[in-house]
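Before any comments, here is the structure.
The values are calculated or read from the model by the stated rules, or taken from the named source; none is laboratory data. If you're wondering where the values come from, they're calculated on a predicted model, not measured in any experiment. As a convention, Cβ positions derive from the backbone with ideal geometry for all residues, glycine included, and neighbour counts pool all protein chains shown.
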Amino acid sequence: MRFKADEIHKDLKNPYYVEWKEFLKRTENWTEEQILDYQLKEIKSIVQHAFKNTEGYREIYINAGITPDDIKTFEDFRKLPFVDKKLIQADLNKFTFVTDDMEYVTTGGSTGIPFGFYRGKKAFARELASKAFLYSRVGWKEGCRQMVFRGLPINTPDRMEFHPEFNELRCSSYYLIPEQMEIYRKVAFEYQPEFLKGYPSSLYLFAKYLKENNKSFPPIKGILCASENLYEFQKELFKEVFPGARIFSHYGHYELAVLAGYCEYTDVYHVLPQYGFAELIDKDGNLITQPGEIGEIVGTSFLMYNTPFIRYKTGDLAVLKGFKCSECGRPHQLWERIEGRLQEFIVTKNNRYISMTAINMHDDIFDPIKQFQFYQKEKGIVVFKYIPKEKISQEKLENIKNRLMIKLGDDVELIMQEVSEIPLTKRGKHRFLIQELKLDIGDIE
């Protein structure tokens, strides 16, 4: 059989993963009081750890006149200063607790500011288990057959890879042209996926192809959307093309400070309280408490101990919905929607649409760069504007270009351009891509 899965899902062999998922199951029906007790205990623990073991947090807390022993309530906790990427990035070692199992990871996120930090194996296993726990709300479990559309430069003839350890068929989202999407569709009838998973922008292009060409697809249980906002126009198309499939979206980030996802009944983001402590703040740093108001997401991770994230300003925005779901009954913080994650595309010479989320690198490739931005005004030609941290050698520059070309493909001409400044948007955000082409999808400011 071409798609024979391993007997035991790889994640279920990881004791950190199994232990955390069991904990989430046991605490699923916690009351509001139990949740708040747990969160305050975890807040005290991570603040104590950061104060004791990292010079950076110790300095900013002493300068603010606060010690861990002063934190007795959530109000006390909110007296701690905020941190952000720029502060931690400026001196990462001062904000890091060194252990043997930690690994260096980076994310450019949707802001175009490369950012590296250290993460432990336990934290990453708990992250995977937390997302799996959210997915279980819509019937997913380890071992379910899933076709995954992500930014993967797969070099097989059919641009697909089957991973038996996850029972997962991975499809490169770099090649979403009609001929390739037809290959994916035909293979789906052999594989019989239970779920589709990937960037909403990539899944949208695939669904649009199916609809416009009147193509059939095997029935699926659900669609798991990740790494981008999921918009109403996309949901409507998914419902039309994949009738009966439950559409699920979650919000998270590589720093593992906040995780939120839909529940079984509503398309509202429920913040997972065991994962971290989430706050929404206004432009003056004040806590938002009124439903309908928009604020910046500030997260405190209960998972990250190597590079802790405490009152970490994510730069993403959310609209507050309330603090208890009337449908599922969970007393969780609710967000109506997420803002700040713009769905942007590069258009290649062959009319392939590449979501900029797929260009995000999770290693040290962008370390010599302070900030970058892609710019496109002509199909198939992209300018990579960058501000170097210091003088970059030609060898390093070529290495960056080559890595990007692996992601972009040979029907894109990439021009490297050093600049001294990259302007902010009107909202004060760094745009990952300035797209001058008029596209019929995406979110253009």
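Over 19 Å from the mean Cα position of the chain (by Cα) and of a type in the set (F, W, Y): which single residue out of Y312, Y305 fits that description?
Details: Y312 fails: over 19 Å from the mean Cα position of the chain (by Cα).
Among Y312, Y305, only Y305 is over 19 Å from the mean Cα position of the chain (by Cα) and of a type in the set (F, W, Y).
Does at least one position in segment 10-21 carry a residue that is free of Cβ contacts under 8 Å to residues at least 24 places away in the same chain, touching a Ser or Thr at 6+ places or on another chain (Cβ under 9 Å) and in a helix (DSSP H, G or I)?
No.
Please find, within segment 122-170, the residue that is surrounded by the fewest Cβ atoms within 10 Å (Cβ to Cβ) out of those that are at pLDDT 95 or above, of a type in the set (D, E, K, R) and touching a helix residue (DSSP H, G or I) at 6+ places or on another chain (Cβ under 7 Å).
This residue is E165.
Looking only at segment 208-235, count how many residues are out of contact with any Asp or Glu (no Cβ under 8 Å at 6 or more places or on another chain) and either among the aliphatic types (A, V, I, L, M) or over 24 Å from N351 (Cα atoms) (or both).
8
Please give the number of the condition L152 fails out of (1) touching an Asp or Glu at 6+ places or on another chain (Cβ under 8 Å); (2) of a type in the set (A, V, I, L, M); (3) outside any loop (DSSP other than H, G, I, E, B).
(3)
When the residues of segment 34-59 are narrowed to those that are in a helix (DSSP H, G or I) and polar (S, T, N, Q), which ends up surrounded by the most Cβ atoms within 10 Å (Cβ to Cβ)?
Pass one, segment 34-59, residues in a helix (DSSP H, G or I): 34-53, 55-59.
Keeping just the survivors that are polar (S, T, N, Q) gives 34, 39, 45, 48, 53.
Working: Q34: 13, Q39: 19, S45: 13, Q48: 14, N53: 15.
The residue in question is Q39.
Does segment 285-327 hold any residues that are of a type in the set (S, T, N, Q) and in a loop (DSSP other than H, G, I, E, B), and which are they?
Let us first name the residues in segment 285-327 that are of a type in the set (S, T, N, Q), namely 286, 289-290, 300-301, 306-307, 314, 326.
Matches in segment 285-327: N286, T289, Q290, N306, T307, S326.
In segment 223-284, which strands (runs of 3 or more DSSP E) lie fully inside it and hold 2 or more residues that are without any contact (Cβ under 8 Å) to a residue 12 or more places away in the chain and more than 18 Å from the chain's Cα centre (by Cα)? Spell out the reasoning first.
Numbers: elements: 246-251, 269-271, 276-281.
Strands (runs of 3 or more DSSP E) meeting the threshold: none at all.
Could you check segment 77-93 and list, in sequence order, the residues that are part of a helix (DSSP H, G or I) and surrounded by 15 or more Cβ atoms within 10 Å (Cβ to Cβ)? Steps first, please.
So the first thing to find is which residues in segment 77-93 are part of a helix (DSSP H, G or I), and the list is 77, 85-90, 92-93.
Result: F77, K85, L87, I88, Q89, L92.
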